[in-house]
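First up is the structure itself, then whatever we jot down about it.
The values are calculated or read from the model by the stated rules, or taken from the named source; none is laboratory data. On a predicted model such as this, the values are computed, not experimentally measured, just so you know. A quick note on method: Cβ atoms are made from the backbone with ideal geometry, for glycine too, and the neighbour counts reach across all protein chains shown. All accessible areas refer to the heavy atoms of the entire protein, side chains included, with ligands and DNA or RNA removed. Shrake-Rupley method; radii C 1.70, N 1.55, O 1.52, S 1.80 Å.
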Amino acid sequence: MAKPLSMDKPECFIDTESGGKLYVKESALQILQKIEQPVVVVAVVGLYRTGKSYLMNRLAGKQTGFALGSTIESKTKGIWMWCVPHPTKAGTTLVLLDTEGLGDVDKGDSKHDSNIFCLAVLLSSTLVYNSRGTIDNRAVEELQYVTELTECIKVKSSNNEADDSGEFVKFFPSFIWAVRDFTLERKIYGNDATEDEYLEFALKLKVGTSKKVMEYNLPRECIQNYFPSRKCFTFPFPTAPENVSRLEKLDSADISSDFLEVTENFCKYAFEKSEVKKLKDGIIVSGRVLGHLAKNYVDTISSGVVPCLENAVIAMAKIENEAAVKDGLEIYQSGMEKLKDTFPLELKNVSSEHQHLSSTATQTFMKRSFRDNDGGYLKTLEEKINKLFDEYLRQNEEASKRQCEDLLSVLSGPMTEKLKQGFYAKPGGYDLFCKDLEDIVKNYNSQANKEVKAEEVLEEFLKQKSVDSKAILHADKKLTEKEKKIKGEIVKPSNPNFPYFLSGPMTEKLKQGFYAKPGGYDLFCKDLEDIVKNYNSQANKEVKVLPILLNIIVI
């Protein structure tokens, strides 16, 4: 399970350039890149100087963190982020987003406010709207940004699509209205009402079709349609008016118990009811994905284009699937590089580890990828793995070849020295050479029998030694008959023709081109092995066994 990441303090997430364009801070993206856990994202929006930051600090379990400020100047600029382990959902990170206050008189840019509100909606799984006083018509009208969402967000990329605002509800966050400094009695037609009943009463539509009625109903209809999951909390004054400006520094004893109770209920609800952030089609968002989403949305908005949820998912799929291929490939390559340190190995051992690492790489890919509907990215991973496997097989063969050549070099060292000293240049030298060669082959086969290149290297070695063999045999024949008699008559094989008889079928196959096809070399080696086996079993007492066999191989 991925480890939770906890920030000591908030970090600026989305800032504003000098020209007024929004951009995502690289330092914030680097933090989110490290969060592989699912995220619950709670964002707070509302008019500036309404105490939004205090609620975010309480959700973080801290007294201070997000700047509260104590003047009429808005403290929070852009969007600030605070990532902490979720207090009630194991394996989940709680991401708190504190947004720049809406309606800042110093800023005077309603489009900027709309963009901030839009981003809060797009990025959060729970949206907290913070207001002051009561939920009256003015308070609802101040939430004008909700009526602009259809102009600021698109669900589908096609220009031919009809109004897709009805799709918003599928991915929009749940909605909490936090009413601060609430002093009225919650009564509806003289009867006590709950906080939620109070909210729904305030959102009730008027009957009629006049312009005035339609203007009254529009924001209420939008809230009802876009945020079907709604909750309300009414907070009384937290403390005496003179202490409000230093609320974050007050002890609990100096804060209204009623206020603390509502704050506790608010936090408990947010922890229990806020869902993990999901994209269209139910794709779960991790911290890393949230960072990519924010970058995509902000860059789109800054370019003057309306952000599209479908395009964002497509872009995310490309980024994440390409990264998933890279992750899987790194897992495979890392494991094979460790195996490479032990080369040369038997082919079955290399293939077995290849299969294991391929499976692990695929599992790694599947954990990160999404919407690879046609399996294209998975196929890319498999192709890259197979290409690497071929290269590792080649490197294993090269290592095997070097090891076999080194082994033969050591085993044939004494023979090489004898050749230099002319040891075999005497009557019977050919037999001595063949005996030494036979010992070399015997020792080599016992030590290199599991090497993938053992047979190939031995075959090349014997071809090289056949030159020495012919030279020694030629010199041996030139010795006088008298000298040979002195050294002793060499025993002739009882039936010198039978090894050629055994190799007859192979000779016929060679004439017919039987081995000139894919896999022909393996068939040739198998036939040759059978000849040698049968020959050794029938001629094991003959002095000339290896010389005659060597001549057959050379032929």
Q: Evaluate E = 1/(1 + (r/R0)^6) for K478 and E438, where r is the Cβ-Cβ distance and R0 equals 30 Å; express this FRET efficiency to the nearest 0.05.
A: 0.80
Q: Report the trypsin sites (Lys or Arg not before Pro) located in the stretch 247-325 that are in a DSSP loop and have at most 15 other Cβ atoms inside 10 Å of their Cβ, or state none.
A: none
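Could you sort out which of K450/K470; K435/K470; K280/K318 sit more than 26 Å apart by Cα distance in this structure?
Numbers: K450/K470 31 Å; K435/K470 15 Å; K280/K318 15 Å.
Cα-Cα > 26 Å for K450/K470; rest within.
For the peptides 146-152, 112-118, what is the packing order when you average, over each peptide's residues, the other Cβ atoms within 10 Å and list the highest mean first? Before the final figure, lay out the partial values.
On the way: 146-152: 17.1, 112-118: 21.7.
For the peptides 146-152, 112-118, the packing ranking is 112-118, 146-152.
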Q: Any aspartates and glutamates with Cα under 13 Å of the K442 Cα? List them, leaving off those in the same chain fewer than 8 positions away.
A: E455
Q | Low-density loop positions, trypsin sites (Lys or Arg not before Pro), the stretch 372-404 - DSSP coil, at most 15 other Cβ in 10 Å | A | none
Q. Which FRET efficiency, nearest 0.05, do E529 and Q363 yield, Cβ-Cβ r, R0 41 Å?
A. 0.45
Q: Extending each Cα 7 Å along its Cβ direction at K420 and V207, get the distance between those two points in nm, one decimal.
A: 11.6
Q.
Please list, in order, the residues from the stretch 201-225 whose amide nitrogen is less than 19 Å from a point placed 7 Å along the Cα→Cβ vector of Y189.
A. 201-208
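Counting only protein heavy atoms and using a 1.4 Å probe, what share of the accessible area of the stretch 271-352 belongs to carbon plus sulfur, as a whole percent?
Values: 1930 of 3730 Å².
Here it works out to 52 percent.
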Q. Applying 1/(1 + (r/R0)^6) with R0 = 25 Å to the Cβ-Cβ distance of V306 and K278, what FRET efficiency is obtained, to the nearest 0.05?
A. 0.70
Q: Could you pull out the pairs from K34/K111; K111/K170; K21/K295; K9/K62; K89/K170 whose alpha carbons sit more than 21 Å apart here?
A: K34/K111; K111/K170; K89/K170
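Arranged from highest to lowest average of other beta-carbon atoms within 10 Å per residue, in what order do the peptides 438-444, 325-331 appear?
Details: 438-444: 16.7, 325-331: 19.3.
So the order, starting with the most tightly packed, is 325-331, 438-444.
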Q: Give the cross-link partners of K326 among the aspartates and glutamates, using a straight C-alpha distance below 12 Å as the criterion and excluding same-chain residues fewer than 8 apart.
A: E382
Q. List the lysines whose alpha-carbon lies under 16 Å from that of K187, not counting same-chain residues fewer than 8 positions away?
A. K204
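How big is the Cα convex hull of the stretch 290-333 in projection, averaged over all directions, in nm²? Display every interim value, and only then the final one.
Values: hull surface 13.0 nm².
For the Cα atoms of the stretch 290-333, the hull's average projected area reads 3.3 nm².
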